[in-house]
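Undergrad: Here it is: the structure, laid out below.
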Amino acid sequence: MVLRLYNTLSRRVEPFEPLAPPRVTLYTCGPTVWSYAHVGNFRTFLFSDLLRRYLEYRGYDVFTVMNLTDVDDRIIKAAGEAGTSVREFTDRFAEAFFEDRDYLRIKPADLYPRATAHIEHMIALVEQLLDRGLAYRGEDGSVYFSVGAFNGYGRLSRLDTRELKPGARVSSDEYSKEDARDFALWKTASTLDETVGAAWDAPFGRGRPGWHLECSAMALAEIRGRFGIETLDIHAGGVDLVFPHHENEIAQSEGATGRPFVRCWMHGEFLLIGGTKMSKRFGNTLTVRDLREEGVDPASFRMLVFSTHYRQQLNLTDEALEAATEGAQRLAELRERLGRAAAGASPDGVPREVEQLERAFAEAMNDDLSAPNALAAVFTFVRVANRRLDEGAWSAGEAAAVIETFDRIMEVLEVVPRAEVEDDLTAWVAERIKARQRARKAGDYAAADAIRDEVAACGIDLKDTPEGTRWTKRAG
Ligand code: AMP
Ligand code: ZN
């Protein structure tokens, strides 16, 4: 079955064909570390996590890069207000980002390049563009990309070039541009830049990189150095990045290399709250820290996010989060039941139902990563599997085979709540249950009963079921 993905460049769902299989290079625009990333940002990062995990499930060798934007207008302003350097200011948010990523069970990327660690590559890229006549030095000392000189500008965003306006992140006080569409590659250093440590020497003048330049330079540097290529298989980000950010990335990268920059552009839709895009600007953000404080299980949040297709807007509501939590709980319960039914046996014989699950899952995911359909297939399976377990229809070996497939699929979605770390009590009870089983096997029923009494005295009740001994803690 072919994997088909929607490519923003062609506006079509197309068969996915990496440049050099089994390798897939995936670059996702990461956070601007000027504040805690909100759960809207994390919706986009979860989309790229899902994409990466599904590619891996399909056997691809995925090389993932996510940049950290640690120098830009917003950061410089904030660092200036805080009276710290850009480095000091961004360090704590970069660290917080990694913590939040781990909490949400997002697989770490292979690399997290920080813009400030790649200044030399950015300078080299600007020089190349100057050499090729695609950039010029403005009267203010900044270097601009000359949009008019680049053939094919607007291909990604398909905006009528006459309507192209400077993007939201291009400051409007750039008098020195020759054309309103031109954007800054390198901004001449201001006093504030110097104060917060955001200025570097370059042959074309002291200054700092523009935001668009950062991604082009880092993406190219990482894949060139490792694989000798200048074309990414997939570049991902939120829809708000199509224009101008990604359009400009194409112009800078292709302008410099003369090669296609990206084979497949993928964009995730927004997370909304009360019908409005979650954004710091609107003051309606919620962070992963907030979720944690409210006791939201990461599996529930992932479930919520994957219940809507990545190309559709998702409205965050309490009801939706509750439904997702219940769904995740049902998966945990089934997984636990399967574990008891398998009782440590080796896989032996694959039940038909599990083959159906795997087929339906792959079919859904191959259709432009339809996680909602994949989840529907999973929940259909949950109903069937619970019935089979009620009937005692699966042998321990079959249950073990079911687990194998179930876990492989959950490795992609990662929506099963993790059991609490086994605490001392759990470990002790498990050990006592085993001791009791040994006693019973040896025919020493008095010893077995003594163990039952021993744990009962600690408030633990044992119950023997066809799937093994279960235990509950008495209330109070
Ligand atoms: P930023 O930290 O502002 O550079 O954004 C990081 C990523 O989050 C980008 O890919 C944005 O497109 C994405 N993003 C920002 N707001 C939202 C939102 N409300 N929903 C989904 N993605 C978002
Ligand atoms: Zn970017």
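Undergrad: Pull out the extension gain between Arg137 and Lys473, defined as 0.36 nm times the separation in residues minus the alpha carbon to alpha carbon distance; nm, one decimal.
TA: Extending this stretch completely gives an extra 113.6 nm.
Undergrad: Leaving out ligands, DNA and RNA, and with a 1.4 Å probe, what % of the accessible surface on the chain is carbon or sulfur?
TA: Ligands and nucleic acids excluded, carbon and sulfur give 48 percent.
Undergrad: Pull out the extension gain between Arg155 and Glu355, defined as 0.36 nm times the separation in residues minus the alpha carbon to alpha carbon distance; nm, one decimal.
TA: Result for the pair: 67.7 nm of gain on full extension.
Undergrad: Oh, and also: With a 10 Å radius around each residue's Cβ, average the other Cβ atoms per peptide and rank 118-129, 356-367, highest first.
TA: 118-129, 356-367
Undergrad: Taking only DSSP H segments of four or more residues, each worth -39500 (n - 2.57), what value at 222 nm results for the chain once the sum is divided by all its residues, to the nearest 500 deg cm²/dmol?
TA: The per-residue figure over the chain is -15000 deg cm²/dmol.
Undergrad: State, to one decimal in nm², a quarter of the convex hull surface area for the C-alpha atoms of the range 312-413, i.e. the direction-averaged projected area.
TA: Taking a quarter of the hull surface, the average projection is 6.7 nm².
Undergrad: Between helix 424-441 and the chain, what is the angle of the helix's C-alpha long axis to the longest principal axis, kept within 0 to 90° and rounded to the nearest 10?
TA: Rounded to the nearest ten degrees, it is 40.
Undergrad: Of the beta bridges DSSP finds with both residues in the chain, what % are antiparallel, to the nearest 5?
TA: Counting DSSP beta bridges with both partners in the chain, the antiparallel share is about 50 percent.
Undergrad: Provide the net charge surrounding Val354, with neighbours chosen by a C-beta distance below 9 Å and charges set as Lys +1, Arg +1, Asp -1, Glu -1.
TA: -4
Undergrad: Another question about this same structure. Below 12 angstrom from the Cβ of Gly238, what's the summed charge of the other residues (Lys, Arg +1; Asp, Glu -1)?
TA: The answer is +1.
Undergrad: Gly255: net charge of surrounding residues, Cβ under 11 Å, Lys/Arg +1, Asp/Glu -1, itself excluded?
TA: -1
Undergrad: Further question on the same structure: As I understand it, the value is the acute angle between the Cα axis of helix 119-131 and the longest principal axis of the Cα atoms of the chain; what does it come to in degrees, rounded to 10?
TA: 40 degrees
Undergrad: Shifting gears a bit: Volume per residue, Å³, of the convex hull around the alpha-carbon atoms of the chain?
TA: In the chain, the Cα convex hull volume per residue is 171 Å³.
Undergrad: Report the charge-dipole magnitude of the chain in Debye, nearest 20, computed about the Cα centre from +1 at each Lys and Arg Cβ and -1 at each Asp and Glu Cβ.
TA: Dipole size: approximately 740 debye.
Undergrad: Can you give the accessible area per residue of the chain, in Å², using a 1.4 Å probe?
TA: So the chain comes to 45 Å² accessible per residue, rounded to a whole number.
Undergrad: Which order do the peptides 251-262, 79-90 come out in when sorted by mean C-beta neighbours inside 10 angstrom, highest first?
TA: 251-262, 79-90
Undergrad: Under a cut-off of 18 Å between alpha-carbon atoms, report the lysines in cross-link reach of Lys77, not counting same-chain residues fewer than 8 places apart.
TA: Lys187, Lys280
Undergrad: Which order, highest average first, do 373-383, 314-324 follow once you tally other Cβ atoms within 10 Å for each residue and take the mean per peptide?
TA: The densest-packed peptide leads the list: 373-383, 314-324.
Undergrad: Right, another one. What does the range 5-102 give for Rg and for Dmax, in Å, if only its C-alpha atoms count?
TA: 16.7, 51
Undergrad: So what's the angle, to the nearest 10 degrees on a 0 to 90 scale, between helix 73-82 and the longest Cα principal axis of the chain?
TA: Value to nearest ten degrees: 80.
The values are calculated or read from the model by the stated rules, or taken from the named source; none is laboratory data. Note that the structure is a prediction, hence the values are computed from the model and not measured. Cβ atoms come from the backbone with ideal geometry, glycine included; neighbour counts cover every protein chain shown. Please note that ligands, DNA and RNA were not included when accessible areas were found on the heavy atoms of the full protein model with its side chains. Shrake-Rupley method; radii C 1.70, N 1.55, O 1.52, S 1.80 Å.
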